[in-house]
Each structure stands twice: as structure tokens, then as C-alpha cells.
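Please treat every number below as a calculation from the coordinates, not as lab data. It should be emphasised that the depicted structure is a prediction, and the values quoted were computed from it without experimental measurement. A quick note on method: Cβ atoms are made from the backbone with ideal geometry, for glycine too, and the neighbour counts reach across all protein chains shown.
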Amino acid sequence: MQTQFTHTTPTGKTNISGKEYLFFSGFSYLGLHALPAFKELLKQGIDEYGTTFISSRIANTRLHLYDELEHALAVLQQQQASATFSSGFLASQAAVQYAATQGELLYAPSAHPALWKGQPVIPVQEWSAWAAATVEKVNAHPDHSFVIVADSVNPLTSTINDFSWLQTLQRQVLVLIDDAHGIGVIGTDGNGIIDRLPQHPPVHYLLAASLTKAYSAQGGVVSGHASAIAAIKKLPLFTGATPMMPANAWAFLQSFSLHSEQRQLLQQRISYFASLTGNVGYLYNPFHLPVFLLKDSAGIEKYLLEHDIMISSFGYPHPDSPPVNRIIVSPRHSEEDLYILHQLLVNR
């Protein structure tokens, strides 16, 4: 799709060159960025803390708010400790930099560039074949030889990756998972992929995530064993980086009830749209995610744009990659919005 420019941040709608479109792209899965109650909390956070904290995380003057945030996130992700960063990408880079000291990195298919250390070779196998080969390789070597690196959710394919095979590992291994598109959306109370991970003694987890995708709080987190987080907090990516905006941290901590309400509304919107589009054969969403993949649908983005609908359609992870067409549903959309989109899909 040709790039479209706007002067405002989209909500359930966006304005392009003076024309309004229904907007089914982007993220902000819980719709918090456009929710008046959340914006008010962010304003209150700015009034309380200003626009930035003017020292690094290792300075002799520290902000207790960050400790509160990290404790809350460790509890949410069911880990011993957490470290927060100014972005999810930076969090994942810190996580993989630490992970590389713990063993050889074994990348999963479609691992997000945020997890890349250098220019790794990313497998092109099907997930199940890669998993079987990984189990065989890990079990054939001594403990602590490898670190498995993967995403929890692939938003390009609307898939929650299967990690049940980890329970067949016989060697001590660290598993680094980027949960950017899982946290806040899936799991009990939005705790992400952790509910789907086998609790198997040889396997230790390190979970990285963006706080922006679901929670609209500009920042990122790494959660795991206390010793791992202590080591990550000694990395230059933590010690030398500006911390996340404290108002974002404060707004996140004050908005747990909003998270729950918006997640419930999101699930209602997903269910409603899935019920409407059950007979649309090229629409794919087997895991009840906010992402509906439009398979074998070249040209549909132009058709929908002509009818005032903007969907996600761009090459990823590289600008010259083949475009992926997706519909992103959020609490920002009304049932009427979803019905209009459904009618266009079935009458195409």
C-alpha cells in the first residue's frame, strides 16, 4: 500500500488529507492511548513527575517509582525480578546481550529483529520441525550450552507459538521469549505467554516485552530469575540509557482496573468480528488474537481504502519484504465499525 500521512494519532478512525477512514491497523491493543481516563492518568503523572527523570538508573539519586513498577511487572509475569527500559526494543536487546553470555543462541523462525544479536541466521523451517531439531540438538550437548530465542506471538501470522515441546528438554537451558504482542492481551489477567509455558526444572525463562503494544506506556521490561536481572542491570544498555518517562510508569501502575476493562472489551470485539466473518475463507485468526490475517488477498488493501477503510499493509520486517495484509481489532472500534468492514469483505 502506498504510504499515507496523517497529522493525528489514529484511534478507531484516522484522517488522511482531510478525509476520515476507519482505522484497523497499528497496535495499542487495549485502546488505552485514546481512552480519556488513561490520558488523564498520564497528565497527572506529568504533573507529579515532570516529563523525564533527570538521572540515570545507577545515579546516587534514584526514583522509587521504578522499583514499584519493576515489582509489579515481575508479579504480572510470574518472575523473581524485572528491569525496565525506555522501549521494548531496548529491553529485548539488553535481554539478548545477557543471554549471549549464557550459551549459544538458537533462534526460532521469524524471531523479531529486537532479539537479534548482530545479523543472525533465522531459520526458515516450520515451527514444529525447528522445535524437534532444537530438542535433539540441546539434548545431545552438556547443560547450559544453548539459549533458545523466540517470540511468544507472531503478529504477522496471528499465531501464538507452541512451547509445549520444552518439557522434553533434558539439559539445563535458558529460554528468552519476546512477549511484546502477548503481554496485556493473552494469559490470566493479561500476564502474557507465561501461562502457556511448561514449568520444567531444566528450563529457565527470561521474558522481554514492550509496554507500548498493549498498555500504551512507552517502555519495555525484562523479567526473569533475580540473578539474571541483576546482571542485566549492570549492562551499559541499562546503566547508560535514559529510563522510561516516569509519567508512563505512574500511569501504568494506576490503571490496572482500566487494563482489565479494556481487555474484556477487546475480547468482546474479537468475538463479535469472528462471528461475523466466520464464512470469509481468507480471514485467519485461530488463536482469538486482535490480529486477523488476510491470506492470499493481494489488492484488498486498495479495495478497502477506496471504501474508507485503512488496514495494516506493509512489508515487514524489511521495507522491501512482501506486504502482509492484516486487520487489527481493538476496543476503539464499535460493533457498527466491525459490521461495516464485514460487509465490505463479504461483498468484495
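Relative protection proxy for 176-182, 51-57, 115-121, 238-244, from highest mean packing down: 176-182, 238-244, 51-57, 115-121 (other beta-carbon atoms within 10 angstrom).
Exposure proxy ranking for Val75, Val221, Val203, based on other Cβ atoms within 10 angstrom of each Cβ and starting from the fewest, stands as Val75, Val203, Val221. All other residues whose Cβ lies under 12 angstrom from that of Leu65 are scored, Lys and Arg at +1 and Asp and Glu at -1, for a net of -2. By the Cα gyration tensor, the chain has an equivalent ellipsoid whose semi-axes, rounded to whole angstrom, run 33, 27, 17 from largest to smallest. P(r) tail, region 1-120: Cα-Cα pairs separated by more than 24 Å, 53% of all pairs. Taking Tyr272, Tyr205, Tyr107 as the candidate residues, the one with maximal mean-square fluctuation in a Gaussian network model of the chain, Cα springs under 10 Å, is Tyr272. Centroid-to-centroid, using Cα positions, region 92-146 and region 8-71 are 33 Å apart.
Considering region 53-244, its Cα convex hull presents a mean projected area of 10.3 nm². Straight-line cross-link partners of Lys19 among the lysines, defined as a Cα under 20 Å from its Cα and at least 8 positions apart when in the same chain: Lys302.
When only Cα pairs under 8 Å and 6 or more residues apart are kept, what is the percent relative contact order across region 53-244? Answer for region 53-244 is 30 percent.
Put a dot 7 Å past the Cα of Gln199, heading toward its Cβ, do the same for Asp67, and the two dots end up 2.8 nm apart. May I ask you to derive the relative contact order of region 143-296, considering only C-alpha pairs under 8 Å and at least 6 residues apart, and to give it as an integer percent? Relative contact order for region 143-296 comes out at 20 percent. Over the chain, Cα pairs under 8 Å with separation of 6+ residues give a relative contact order of 25 percent. Each other residue within a Cβ distance under 14 Å of Gln77 adds +1 if Lys or Arg and -1 if Asp or Glu, for a net charge of -4.
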